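The structure appears right after this line, and notes come after that.
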Amino acid sequence: MTCKIERVLTPIGFVVFRVSGRIDRAYVEILRELIENEKTVRGRLALDLTEVTLVSVEAVRVLTGEEANGIELRNCPAYVREWISRERDRELPE
């Protein structure tokens, strides 16, 4: 399965992108564009990663950066969360 991104607007105006499948290099750019468009419109945004099965290193780097910029990562698979933590630790100056 390739990546599928569904936009959901909650009753309180919170935008959630439900992401499923594989997030590879091609979908990283699409996800990045969608996030940028929503950040300029609303400012309240989350990514629901419940159904994500595989991520590329590029995807992890984008997720790491977006979380640092205030995007909420919901239901992040354990292996992705661990990878994000390691990526964040790697970026910290010594």
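The values are calculated or read from the model by the stated rules, or taken from the named source; none is laboratory data. Since we're looking at a predicted model, the values are computed, not measured. Using ideal geometry, Cβ is built from the backbone for each residue, glycine included, and neighbour counts are taken over all protein chains shown. Accessible surface areas use protein heavy atoms only, side chains included; no ligands, DNA or RNA. Shrake-Rupley method; radii C 1.70, N 1.55, O 1.52, S 1.80 Å.
This table checks each residue for (1) under 17 Å from Cys3 (Cα atoms); (2) of a type in the set (A, V, I, L, M); (3) not in a loop (DSSP other than H, G, I, E, B).
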position: Glu36; (1), (2), (3): no, no, yes
position: Asp48; (1), (2), (3): yes, no, yes
position: Val52; (1), (2), (3): yes, yes, yes
position: Ala59; (1), (2), (3): yes, yes, yes
position: Val62; (1), (2), (3): yes, yes, yes
position: Glu66; (1), (2), (3): no, no, yes
position: Ser85; (1), (2), (3): no, no, yes
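Quickly run through the range 38-58 and pick out the residues that are open to solvent by 10 Å² or more (accessible area, probe 1.4 Å) and modelled with pLDDT of 90 or more.
Step one: list which residues in the range 38-58 are open to solvent by 10 Å² or more (accessible area, probe 1.4 Å), which gives 38-44, 48, 50-58.
Result: Asp48, Thr50, Glu51, Val52, Thr53, Leu54, Val55, Ser56, Val57, Glu58.
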Original post:
Could you list, in sequence order, the residues of the range 74-94 that are crowded, with 18+ Cβ neighbours inside 10 Å and touching a strand residue (DSSP E or B) at 6+ places or on another chain (Cβ under 6 Å)?
Top reply: Cys76, Val80
Original post:
Out of the residues in the range 1-21 that are of a type outside the set (Ser, Thr, Tyr) and in a loop (DSSP other than H, G, I, E, B), which is surrounded by the most Cβ atoms within 10 Å (Cβ to Cβ)?
Top reply: Cys3
**OP:** Mind listing whichever residues of the range 22-34 are open to solvent by less than 50 Å² (accessible area, probe 1.4 Å) and assigned to a helix (DSSP H, G or I)?
**Re:** Val28, Leu31
